[in-house]
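The values are calculated or read from the model by the stated rules, or taken from the named source; none is laboratory data. Not measured: the values here are computed from a predicted model. So basically every Cβ, Gly included, is an ideal-geometry build from the backbone, and we count neighbours across all protein chains shown. Please note that ligands, DNA and RNA were not included when accessible areas were found on the heavy atoms of the full protein model with its side chains. Shrake-Rupley method; radii C 1.70, N 1.55, O 1.52, S 1.80 Å.
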Amino acid sequence: MNNSTLFAALTCLAAGLATGAAAQDCTAVGDAYDLDEAAVNALYACIERQMAQSYAAEGDAVGVAYRDWTVSSTRPAVAGAHDERFLQTFANDIAAPEYLKFDEERGPMPVGSVLAKESFALKDGKAKIGPLFIMTKLDEGGAPDAGNWRYDALQPNGKVMKISQSFCADCHLGWDYRDSLAYPLEEVRLGAE
Ligand code: HEC
């Protein structure tokens, strides 16, 4: 842990103790793409509880449950898509054994698979919670134009976000040879074979 990481962690701890459950600032110096692993981990340690509480705030079934699912990466990372946010995906029990194989060419994921991806941006040195992005695998024929996935998102206040299925699907169908899955960046994938 370098000094700035330690400082960030301590600042967060102090802010957390002072404000209790209230929102606290999580900060980092530098561009999102340039942060080293320790800095990203410190940022995540600072924001993860707030983020989980935000998504759960309205009692959404996925927003409440996803933190108990299987995490698919060693830490959040910026892939570029999803507005240059840091992203980290969780897979429910149905999805996890298949998703964590990160197969390059795969058949359809099991029906009932749910993937929930938390997100936060770094704006002017301050972490800002983004949407929780969700994909749910439907029965065959459930959404023929979207690879039988339903796309959903929660706002950072836990409320359902209005989204267009085709907006999400059109990009994800670029990976139709692996059931529309984009997967986390290779260097952060967990359990890759
Ligand atoms: C411009 C392309 C693009 C668009 C549009 C897009 N995504 Fe993604 N999505 C990606 C990429 C790239 C990843 C993998 C990046 C990562 O997780 O690090 C991803 C990953 C995901 C994941 C994790 C599962 C997986 O594919 O590995 C979910 C869930 C998700 N997106 C939901 C959504 C939802 C919901 C929308 C619409 C609101 C959406 N996406 C729109 C590119 C896109």
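Of note:
- Given (1) of a type outside the set (S, T, N, Q); (2) closer than 29 Å to ALA39 by Cβ; (3) near the ligand (Cβ under 9 Å from one of its atoms), number of the condition LEU154 does not satisfy: (3)
- Among the residues listed as ALA169, ALA127, ALA182, the single one being assigned to a strand (DSSP E or B) and either open to solvent by 30 Å² or more (accessible area, probe 1.4 Å) or among the hydrophobic types (A, V, I, L, M, F, W, C) (or both): ALA127
- Region 79-101: number of residues that are without any contact (Cβ under 8 Å) to a residue 60 or more places away in the chain, buried (at least 19 other Cβ atoms within 10 Å of the Cβ) and near the ligand (Cβ under 10 Å from one of its atoms): 5
- Considering residues of region 110-124 that are more than 9 Å from the ligand (Cβ to nearest atom) and open to solvent by 20 Å² or more (accessible area, probe 1.4 Å) only, the residue nearest to the chain's Cα centre (by Cα): LEU122
- Among the residues examined, GLN24 qualifies as of a type outside the set (Val, Ile, Thr) and either in a loop (DSSP other than H, G, I, E, B) or open to solvent by less than 40 Å² (accessible area, probe 1.4 Å) (or both).
- A search for C-beta distances below 6 Å between a residue of region 163-175 that is within 6 Å of the ligand (Cβ to nearest atom) and any residue that is aliphatic (A, V, I, L, M), counting only pairs 6+ apart in sequence or on different chains, returns ILE163/ALA153.
- Qualifying residue in region 134-145 (condition: closer than 21 Å to GLY63 by Cα, assigned to a loop (DSSP other than H, G, I, E, B), open to solvent by 10 Å² or more (accessible area, probe 1.4 Å) and at pLDDT 95 or above): yes
- Cβ-Cβ distances below 6 Å connect the following pairs, each with a first residue in region 109-123 that is in contact (Cβ under 8 Å) with a residue 24 or more places away in the chain, a second residue that is in a strand (DSSP E or B) and hydroxyl-bearing (Ser, Thr, Tyr), and a separation of six or more residues or different chains: VAL114/THR136; LEU115/THR89; LYS117/THR89.
- Count of residues meeting criterion [surrounded by fewer than 16 Cβ atoms within 10 Å (Cβ to Cβ) and out of contact with any helix residue (DSSP H, G or I) (no Cβ under 9 Å at 6 or more places or on another chain)] in region 62-78: 1
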